[in-house]
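Participant: Here it is, the structure, as C-alpha cells.
The values are calculated or read from the model by the stated rules, or taken from the named source; none is laboratory data. Just so you know, these numbers come straight off a predicted model, no measurement behind them. Don't worry about glycine lacking a Cβ; one is built from the backbone with ideal geometry, like all the others, and counts go over all protein chains shown.
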Amino acid sequence: MTLDQLVVLDAIVASGTFRGAADRLNKAQSAVSHQIKKLEDELGFDLFLRDAYRPRLSPEGEVFFREATRVLGQVRGLKNVAAGLRSEQEPMISIAITATMSLDPILDILGEVGRAYPGTHIKLATEMMGGPLARLMSGDADVAIAGLDGVPIDEVETLPVGTISIRPVASPRFPAADRSGVKSRREMQSYTQIIVSGTGGKEYDQSRDLLSGGQRWTVSDFQAKKAIIKAGLGWGGIPEHLMAEELAKGELVPLAVEGYPPRHTEVFAIRRRDRPMGKVMSSMWEKLAEKAL
C-alpha cells in the first residue's frame with residue numbers, strides 16, 4: 001500500500017470517475033486503474049462496485065476510504081508543518097473578511113501576530129457576499145473569514161470564529177413600518193429593496209434574501225445601504241452590529257417580512273489545504289484554533 005494509491009482513491013471518489021481522477025492528477029486513465037487494481041489485490045477486496053456508469057464505493061471500500069481520508073489529512077498536515085519549518089517569515093499575509101462581520105473577534109489575534117512578526121505586512125480586505133471565498137480560491141487571500149455557503153469543504157480547513165445576525169429593517173417613516181405584523185411578500189414587492197452587490201464575480205455570486213419580483217436598488221457597501229434605508233427610500237437586511245445605535249435610537253426599526261426572518265450565520269476562518277503555511281500564517285492559524293476551543 002502506497003501514499004500514491006490513497007491519493008488516487010481519494011481523487012476517484014472526489015471526481016466520481018476514473019477519467020475525472022486521471023484529469024485531476026494529470027495521469028493516464030490506465031495508470032489510475034492500475035493503481036487501484038494493485039491496491040485491491042493487496043487488500044483482498046474490491047474498493048468499487050463497477051456495475052453502473054459511475055463507480056461506487058463498495059461497503060468495504062466505504063470503510064477503507066473513511067480511514068484513508070484520515071491518513072491523507074495527517075500527511076497534508078505533516079507537509080504543512082515541514083513547509084512552515086523551512087520557510088522564512090512571509091513578507092505579507094492576506095485576509096479576506098466578509099463585510100457582514102465585525103472585526104472584534106479577530107483584532108486581538110491580529111495584534112499579537114503583528115507584534116510578533118513586525119516585518120510581515122498584514123493585508124485585510126473587506127469583501128461583499130461571495131468575495132472572501134473568491135479571493136481565497138483564486139489565491140489572492142491566504143485566509144477567508146466568512147460563512148460556508150459555496151465552500152468546497154473537501155479542499156479547505158475551517159475554524160469557527162463567530163456568528164452574525166442579519167435583520168430586515170426600515171426607517172420608521174417607511175410605509176411598511178407604520179404598523180405591526182408580518183408583511184406579505186406581495187406587499188413588499190411594491191417597495192424598493194436595497195441590496196449590496198458582491199465582489200466575487202458571477203461564479204461566487206449569492207442570492208440569499210432577495211425578494212423575487214420586487215423593485216431593487218444595488219449599492220456597493222453596507223454604509224451606503226444603511227444611509228439609504230435610514231432616509232426612508234427602501235428596506236433591506238443589515239448586520240445587527242452595524243446598526244445597534246440606530247436601532248437603540250429608533251432611527252431604524254425591525255420589519256417582519258414573510259419568508260425573511262432574521263438570519264443567523266456561523267462564520268469561519270477558511271484556508272486552502274493545498275497551500276502550505278509559513279511561520280506567520282501558522283502562528284495566526286494556531287491562535288485562531290486556540291480561540292475556537
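Participant: Determine if segment 148-155 includes at least one residue that is at pLDDT below 90 and either of a type in the set (Ser, Thr, Tyr) or in the same structural domain as Gln74 (by TED's automatic domain parsing) (or both).
Facilitator: No, segment 148-155 contains no residue that is at pLDDT below 90 and either of a type in the set (Ser, Thr, Tyr) or in the same structural domain as Gln74 (by TED's automatic domain parsing) (or both).
Participant: Determine whether Arg76 is outside any loop (DSSP other than H, G, I, E, B), within 24 Å of Thr158 (Cα to Cα) and not β-branched (Val, Ile, Thr). Quick ask: steps written out before the conclusion?
Facilitator: Details: outside any loop (DSSP other than H, G, I, E, B): yes; within 24 Å of Thr158 (Cα to Cα): yes; not β-branched (Val, Ile, Thr): yes.
Spelling it out, Arg76 is indeed outside any loop (DSSP other than H, G, I, E, B), within 24 Å of Thr158 (Cα to Cα) and not β-branched (Val, Ile, Thr).
Participant: Filter segment 137-162 for residues that are at negative phi, loosely packed, with under 12 Cβ neighbours inside 10 Å and in contact (Cβ under 8 Å) with a residue 60 or more places away in the chain and give the result.
Facilitator: Asp154
Yes or no, residue by residue, for (1) under 24 Å from the mean Cα position of the chain (by Cα); (2) closer than 24 Å to Met137 by Cβ:
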| site | (1), (2) |
| --- | --- |
| Ala14 | yes, yes |
| Asp46 | no, no |
| Glu60 | no, no |
| Glu67 | no, no |
| Pro91 | no, yes |
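Participant: Report yes if some residue within segment 222-244 is among the basic types (Lys, Arg), over 13 Å from Ala170 (Cβ atoms) and either loosely packed, with under 14 Cβ neighbours inside 10 Å or in contact (Cβ under 8 Å) with a residue 24 or more places away in the chain (or both); otherwise report no. Steps first, answer last, please.
Facilitator: Kept after step one, since they are among the basic types (Lys, Arg), are these residues of segment 222-244: 225-226, 230.
Those left that are additionally over 13 Å from Ala170 (Cβ atoms): none.
Scanning segment 222-244 turns up no residue that is among the basic types (Lys, Arg), over 13 Å from Ala170 (Cβ atoms) and either loosely packed, with under 14 Cβ neighbours inside 10 Å or in contact (Cβ under 8 Å) with a residue 24 or more places away in the chain (or both).
Participant: If a residue must be among the acidic types (Asp, Glu), more than 27 Å from the chain's Cα centre (by Cα) and more than 16 Å from Tyr191 (Cα to Cα), how many such residues does segment 225-268 contain?
Facilitator: Total meeting the criteria: 3.
Participant: Here is a follow-up. Considering each of Ile228, Ile194, Ile166, Ile145 in turn, give the residue that is assigned to a helix (DSSP H, G or I) and β-branched (Val, Ile, Thr). It would help to see each step written out before you state the result.
Facilitator: Details: Ile194 fails: assigned to a helix (DSSP H, G or I); Ile166 fails: assigned to a helix (DSSP H, G or I); Ile145 fails: assigned to a helix (DSSP H, G or I).
Checking each option against the conditions leaves just Ile228.
Participant: May I ask you to list the residues in segment 36-73 that are among the basic types (Lys, Arg) and either assigned to a helix (DSSP H, G or I) or touching a strand residue (DSSP E or B) at 6+ places or on another chain (Cβ under 7 Å) (or both)? Before you say what the answer is, go through the steps one by one.
Facilitator: Of the residues in segment 36-73, the ones among the basic types (Lys, Arg) are 37-38, 50, 54, 56, 66, 70.
Matches in segment 36-73: Lys37, Lys38, Arg56, Arg66, Arg70.
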